[in-house]
Each structure stands twice: as C-alpha cells, then as structure tokens.
Amino acid sequence: MLSYVIRRLLEGIPLLLGVTLIVYLVLISIPGGPLAAYRSNPRVRPEDLARLEKQLGLDQPVLVRYATWLGRLIQGDWGYSYVTRRPVLEMISERVKNTVLLMGVALLVTLAVAVPIGVYSAVRQYSLFDHAMTGLAFMGYSMPVFWLGLLLMLLFSVQLRWFPAGGMFTVGATLTGWEALLDRLRYLALPVLTLTVVSTGFYARYLRASLLDVIHQDYVRTAWAKGLAERAVITRHALRNALIPFVTVVALHMPQLFTGAVVVETVFAWPGIGRLFWDSALRFDYPVLMGVLTIGALLVWLCNLLADVLYGYLDPRIRYS
Amino acid sequence: MKPMTSRRGLNRRQFLKRVGAAAGAAALLGPLGRLTGYGQMQKVVRAALWQEPEGLNPFFHIQTVSRIVRSRMLEGLFRVAPDGTVVPVLAAEVPTVANGGVSEDGRTVTVKLKRDVVWSDGTPFTAKDVVFTWEVVMDDRNPVASRAGYDLIEDISTPDDFTVVMRFRQPYAPYLTLFSIRHAVLPRHVFNGNTDLSQAAFNRMPEVGTGPFKFVRWESGSFIELEKNPMYRGAPDKPRLDKLIYTIVPARETAIQQLKTGQVDAMWNLLETQIAELQGVPDIRLLITPSANLEYLGLNLSDPKSEDPNNPGYTDPNKPHPILGDPRVRRAIELAIDKQAIVDALFGGLTTVAVSPISPFHWAHNPELKPSEYNPEKAKQLLEEAGWTPGPGGVRVKDGVRLDLRIMTTTGDQIRLQTEQIIQRYLLEVGINLQIVNVPSQVLFSKSGPLQTGDYDIAEDTWGPDFDPADFLTILFHSRSIPPNGWNFFRINDPNIDKHIELGNSAIGLEARRPHYQIAQKLILDTGAYIPLYNRSLIDAFHDHVKGVTEGGNPWDDFSWDAENWDV
C-alpha cells in the first residue's frame, strides 16, 4: 500500500508539470493580456505601456516567463498579482475559508438530501416517488444557476424577506456568539439552497444506480432469505456496498470545496475563490490564475489518489501492490 | 454481523462519522472567529459597486472603482465641479496666466496651497507632499499607469511650505490635471520620504489622507469600510455620516435586489436596460447624469484587405476602402440612420442624440454642431451618384459588387446589439446590406484585434474625453495615432485636423484652446468616418433615506463625489 502511494505521488510530478505548462500556454494565447485595459486609455501612452510591460516581465519570451514562474514556485514563491501587486498566496488564502464554508455546507446538505432520495428511489424502483424524484433531479440539474439564484432571491429575499439577498454577513452590524452564527446561517441559506437544487440530482441518481447494482446480487437475496427486515437488508447489506463507488465520486468532487462555484458566488456576492478566479480571468492576472489553477490541479490529483486509497480501504476485495 | 476493524483500530463507521463531524465542525465554526463587530449602528451608508477596486493608489490604477473609493480619502489639488469649472481642493486658487499662476510662455506653473489642511493623523499638509508625489510617479520601481505630463516637469520646487513651482520642458496645456482629478497627493511623512511604493501596504490601506473619510478596513471580495475623518477641514459639520461602506456585489441584478430589500443604500452604475426595473419602485430614486461618453460608429477608410509595407499585419492607410473610401457613401450611411428614433426606442428619451465627439456640456464643445438629418431619399441619391445602383434583394451593386458591409461591436451588450439591428434595418432601406459580426471586447480592442489591424468595415463603440480632451482627441483622431501607434482606427489622415488638435493641446488657458478644438470637431465630423449616435448616461440609484445627494450628479466625477454632504 505504502509503495503504491509513493509510486503514485512520484508519477504525479511530471503530470503536474505538464498541466501547469499547458495551462500557462493556453492562458497566454487568449487575446488581450494584462495590459489590455491600459491600452485603450488615452492617458497611457506607448512609452508608459513599454515601461509597464518591462516591470511585469511581459517583454520576455513566453517560455522564459513560464520557467521563471516555475522556478519561483519550486522555491515556494507563488508570485505577485499583476493587478493588485499583492502576493498570490495571500489573495488565495483570504478567500479559501469562505469557499470551503459555502461548498462544504452545500455538500453536506446535498448529501443529506441526496442519500435518502437515492436509496428510496432504488428500493422503490419505478414507483411514483422514483419517477417524481427522477424528474425533479433532472430539472434541478439542468437549471441555469444564475437564473435559479436570482429567482430564489426574488422569492425569499425580496418577497418574503426571509433571507438576505447576497453577501456573507450583515455589513455594519455588531454580532457575536450565537447571533453571529445565526447571521452567517441566514446568509448561507440561499446560496446553499441553490447549490443543493442543482447538484442533488447528480448524487441521488448516482446512488440509485449504484444501489440497484447490488440490490439484485446473491448476498442480498440471501439476506432477504434469512428473513431480515427490509431496513436491515438495505442499510446493512446493500447500501454498504453501494456506498463504495459513491464515496469515490464524492471524493473526486472534493476539489470543488476549494475551487468554488463562480456563478453562485457571483450571484450571491460570496467572496470566494470562484470569484477571485473570475475577476482575475477578466483582467488576465496570470500569476493569480496560475496559482488557483495549480492548487486546483494539485487537489484533483490528490483527491484522485485519496479516492483510490479510500476505495481499497472501504472495499477489502481491492488490494493495491 | 461483526464490524470489520481497520489497522488503526477504528472501524469504518466510526472513521466515516469522525471525518464527517470534523468536516462539518470545521466548515461551520472555522470562519466564525473572524466575524468581528462594527461598533454601534451609526449613520452609515452602504453603496454597492459591481467591481472590486484593484487597489487604492491613485497612480497605479486606471480603473473607475479604484478612483471612486480612494477619492473619498485622498484629494488632489483641483477638482471639476458639476458645471465643468475647475475648483481648488488642496490648492488655494486655480493658477491662470491672468492671476500670475502660469507664466506667459506656459512653461512655469505656480500653485498656491491651502494653509489649514492637515492629514488625518494630524500632520500638516505642505508643498513637500506634492514634490514627494511627483518623485513617486517618476520612480522606476513603481507601477505607475501613466506619467503623461509628469515626465515633462523639468524641475519642481517649493519656495515655501505652501507654494509649488513646476517648470516644464515645454508648455503643457493640461497642467490642471496634474496631481488632480484622476490623481491625488500622497502623504510624504507616511513613507519617510521613501518613494518606492511598489509593495507599500498603503496601496491597499491608505490610512492617512486629507479627504472627508478615512480608511478603516478592506474585507477582500466583501466591502471597503471608511469612517469620518475628524481632522477634515469641513469638520465637525462634514462629513455628516459616521461611516461610508462600499460593498462589492459582482452582479448588478443582485445589487438591485439588495437595494430593494434595504441591504444597501445606494448602487453605482446601472445599465440602461435596468432603469425600468427600478423606475417607480417606492423609496428608490435614480440619479441619471450625462456622461462625456457617447456611442458612435467608426468607419474604416482603409482597405481591409491591404497591408501596410511598413507595418505588416496592419492595413495601409493610403489604400482606400473599396466602399467606404467614397465620402458620398459615408455621408449616405449617416443620412440613412434616424438617430432620434434609436434614442426613443432604446432609451425612452432618457438620453439625447450625440452631435460631436465632445459632449455638449464639455467646455471644449462646439455649440454650432447640430444633429445630422435623417433623409433616406438624399442617402439613396448620394449612393446613385457614387455609382451604386439598385440590385437584387434590395441591395445595391456597382461593377458586379454588392453593397455588403460588416458592423462590429462587443458581444454581450443588449443595447448595442439592438442599436446594430435598427441600423441594419435603416441601411437596408437605402440598399446597404449590413452583416453583424460581434466579438468579445478583449478581442475587439486587443493589439491584434480588428480595430487595430484594420480588418473591419464599421465599428460601434463608446468613448469620450476626460475633462481635458487633449489625450482623447490625439489618440483617436491625430494621424500619428493611426494603428499600430494609437486608436485612430478610422485611419483619418487630415493635416488640418492634426494642426488644430495640436494647437488646442498647446495653447495656454482653456479660452485659448477651445476655438481650436471646436474647429477640430467640425473637421472630424466632415470626414464622415466618425458618426456620433447617442450620448451615454451615468445611472446610479439611491434609497430615499440617503439625503443631501446633489441633484443631477456630477458628470466629471463619480456618484459619491459629494458623500461629505450625505446624511441618513
């Protein structure tokens, strides 16, 4: 097991290098560039542009710029934003906790809704409930997020006044302890609801399929034959095995806890990584984009490894060597 | 059933439970520690911006929201009043030739400073701060966006603590923009005279200023909080607010909802299409201010298929456009468009037809210019004269070539697309077939984009001058700004226009400069390559409980320019 993990870790190094190089080249090839906004400002003259280009190192060939970036990264220096001139890692770290909060709560709520739905749909396959849930799941899954978010905001914030219309906490209020917690939960409600509506379908359908796979296997029939109650058969025997691939899928989605959700964060003015990435993309802020993308790639790779290891841990039939 | 135990002595269920509980607890409780209070609710105005400032150093950013936020804290020597006159802020008076502030040759400008100004930490403001600011601008380590004008200063001196004398290498007509309007004066003492500000914390937290408000904190992605500056020269009457908080709400649609629910008290920069949603909403009023920006069509005078031997990749300005190269066709296009109908249809009359690149309320505007007439019959006649005769499908032809043209603007702008569609219909009526080919703005304006390379026929864009139109007119209409050297993407090459722009840029005093700019405007319109469509407006919204907002706004400044007068 240990040697497997070490081998996988070593294999990841060229992979990550390749990913960063490709991402860098793709970013550079997008028309515009960090000085695009300056270029159409009449006060910024060609001599000013040349000076700024030199300051940012944009006068260097692309591969030299990449090598410089990589060289600094290896020494632990993630570089400075072209736009704000602040350390990239500082900009990412002040956003990451907000994204983890939003995405973490959304994932927990989604699972809390999706698991029972998935189980019940599988156990009562083709029942009215199953059909209804399938329909709703697809509806949620195919809903445009921006539109759904605004719709929920119009209903719950503007009409009913239950929840605030975006933000992360009440700006200008003094709150501590439980009041602060409650305030935070009120602001979390709508973005979490939006994320839950759009992603519950995916998880519920996955679990349903996975449970249907095992529910017809011999050992489940044996369990029924033993005269066990339905509850015991489903939760102890079937679900346990159905959850193994499901856990893998959840683990593979873990990087989203970091990368966030651009649209939901934008609609609900949530100061997360998704918005940082979007703002940086609009301004061609290569160092920040590279920072977010590299950490994202790193997490995807680690979570894949985690999923594999977890799979082996949860399913004794699988052994890595 | 016997639970299977792991090597670590934890069974799977326990393991999963613990992981779940830990993740939940961390997610919920982690960030709570940072939720600190604001002090008691006081007189607070929360204003939503849909963009986050890049930073707050006046010289490092050209972004409007950066200027909006930092202008409440850092002031310049002068500012522009709503009526378009320059008024002193940190200066005691506006220097002119008449009051001896500007030498006869225009090379020496003397600025007298107010004597009673103190920085928010109590340190007196002096001429040394102005000199320090110039040194910061000229320090090569600093990412200064533009040194225009500053790099013409040969020598800057301070005969006494409240006088600054600037000597220029050559006369610099826009001298009133230095350390002013888009820029400001920096506090020397905060940096102990060290002019390298490239990594200074001040760029994000300008804690010392002379303005009515002072910096409290910036919560990234959420808000920037300012509080009243008790050392402000208007104190204790001004500012009336205890706090001014700019919140960052990236989607305008969300900010509109927040305004309705009272989560914010004001909102910056709505789109024209959003006026309808807020008009008639009780407790909310719109502030519609004319802006110097206007929507216009730019016609390509060069052949899109040609190549300039001196600038490979760019069209040859000396090879005329096969269709638009004929001035009669350009004139016909303008005559065929009913601009008033566009204004009525798209803006419900909330804006006006544009007549010149310099808006009517600008000091350099030429009041003799009138909106072009709508006369499709005359347009048809001109096209006939130019040899374009009616052809199949109502599209004119000449020597077997159809009168096909492309129109281009930025994607994702509903109003612009509608404008294009209306123009398309008008032009088809006179026999011109217009094809709409829009591209993202970063493509349209990029170094290798169609406007720069010259691979377009007609472009729709918005642009307008600053208080000082020198840079704008030069970069858009002077022949030396033909791409790749600027934004004269029409490829207008008229020595007469060049001459009057240059005279306007170098004469000393607004009165002396105005006539030249007025002639230049007339000549630019005569080319027919620049067709003004409609004036753009600045649209902001306020909750009724925000009092003291100046009626009509200030076209030269932002929606919160008078926040020192606001009250709730």
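Brief remarks follow.
- Residues of the range B:147-163 that turn out to be touching a Leu at 6+ places or on another chain (Cβ under 7 Å) and closer than 19 Å to B:ARG182 by Cβ, as a count: 2
- Selection from the range A:305-316 of residues that are open to solvent by 60 Å² or more (accessible area, probe 1.4 Å) and more than 12 Å from chain B (Cβ to nearest Cβ): A:TYR311
- The sole residue among A:SER199, A:SER210 that is in a helix (DSSP H, G or I), of a type in the set (Gly, Ala, Ser), modelled with pLDDT of 90 or more and more than 26 Å from A:GLU265 (Cα to Cα) is A:SER210.
- Within the range B:371-390, tally of residues that are touching a residue at least 24 places away in the same chain (Cβ under 8 Å) and open to solvent by 20 Å² or more (accessible area, probe 1.4 Å): 11
- Within the span defined as the range B:296-312, every residue fails to be in contact (Cβ under 8 Å) with a residue 40 or more places away in the chain, more than 30 Å from B:ASP399 (Cβ to Cβ), of a type in the set (A, V, I, L, M, F, W, C) and buried (at least 17 other Cβ atoms within 10 Å of the Cβ).
- Which listed residue, of A:VAL109, A:VAL123, is of a type outside the set (Lys, Arg), open to solvent by 30 Å² or more (accessible area, probe 1.4 Å) and over 25 Å from the mean Cα position of the chain (by Cα): A:VAL123
- Taking the range B:231-249 as the range and being open to solvent by 60 Å² or more (accessible area, probe 1.4 Å) and free of Cβ contacts under 8 Å to residues at least 60 places away in the same chain as the test, the residues that pass are B:PRO236, B:ASP237.
- Filter result for the condition that a residue is without any contact (Cβ under 8 Å) to a residue 40 or more places away in the chain and open to solvent by 10 Å² or more (accessible area, probe 1.4 Å), over B:GLU272, B:GLU219: B:GLU219
- Residue count, the range B:509-568 (criterion: hydrophobic (A, V, I, L, M, F, W, C), more than 23 Å from B:VAL281 (Cβ to Cβ) and either outside the structural domain of B:ASN493 (by TED's automatic domain parsing) or not in a helix (DSSP H, G or I) (or both)): 5
- Matching entry among A:SER127, A:SER121 (being without any contact (Cβ under 8 Å) to a residue 24 or more places away in the chain, hydroxyl-bearing (Ser, Thr, Tyr) and not assigned by TED's automatic domain parsing to the domain that holds A:THR20): A:SER127
A quick yes/no check of all residues on (1) of a type in the set (Gly, Ala, Ser); (2) within 14 Å of another protein chain (Cβ to nearest Cβ):
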| position | (1), (2) |
| --- | --- |
| A:TYR141 | no, no |
| A:LEU150 | no, yes |
| A:MET153 | no, yes |
| A:GLY166 | yes, yes |
| A:PRO191 | no, yes |
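- Here the condition is being part of a helix (DSSP H, G or I) and either open to solvent by 70 Å² or more (accessible area, probe 1.4 Å) or among the aromatic types (Phe, Trp, Tyr) (or both); of A:PHE138, A:PHE163, it holds for A:PHE138 alone.
- Checklist (1) surrounded by fewer than 23 Cβ atoms within 10 Å (Cβ to Cβ); (2) within 10 Å of chain A (Cβ to nearest Cβ); (3) under 22 Å from B:GLU551 (Cβ atoms) applied to B:LEU259, failing item: (1)
So that you can scan it fast, the table gives a plain yes or no per residue for (1) surrounded by fewer than 21 Cβ atoms within 10 Å (Cβ to Cβ); (2) without any contact (Cβ under 8 Å) to a residue 60 or more places away in the chain; (3) closer than 30 Å to A:VAL292 by Cβ:
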position	(1), (2), (3)
A:PHE202	yes, no, yes
A:LEU211	no, no, no
A:GLU230	yes, no, no
A:ARG236	yes, yes, no
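- Positions within the range B:77-89 being open to solvent by less than 10 Å² (accessible area, probe 1.4 Å) and within 19 Å of the chain's Cα centre (by Cα), in sequence order: B:PHE78, B:VAL80
The values are calculated or read from the model by the stated rules, or taken from the named source; none is laboratory data. All values reported here derive from a predicted model rather than from experimental measurement. Here Cβ is always computed from backbone atoms with ideal geometry, including for glycine, and neighbour counts include all displayed protein chains. Heads up: the accessible areas ignore ligands, DNA and RNA and are worked out on the full protein's heavy atoms, side chains in. Shrake-Rupley method; radii C 1.70, N 1.55, O 1.52, S 1.80 Å.
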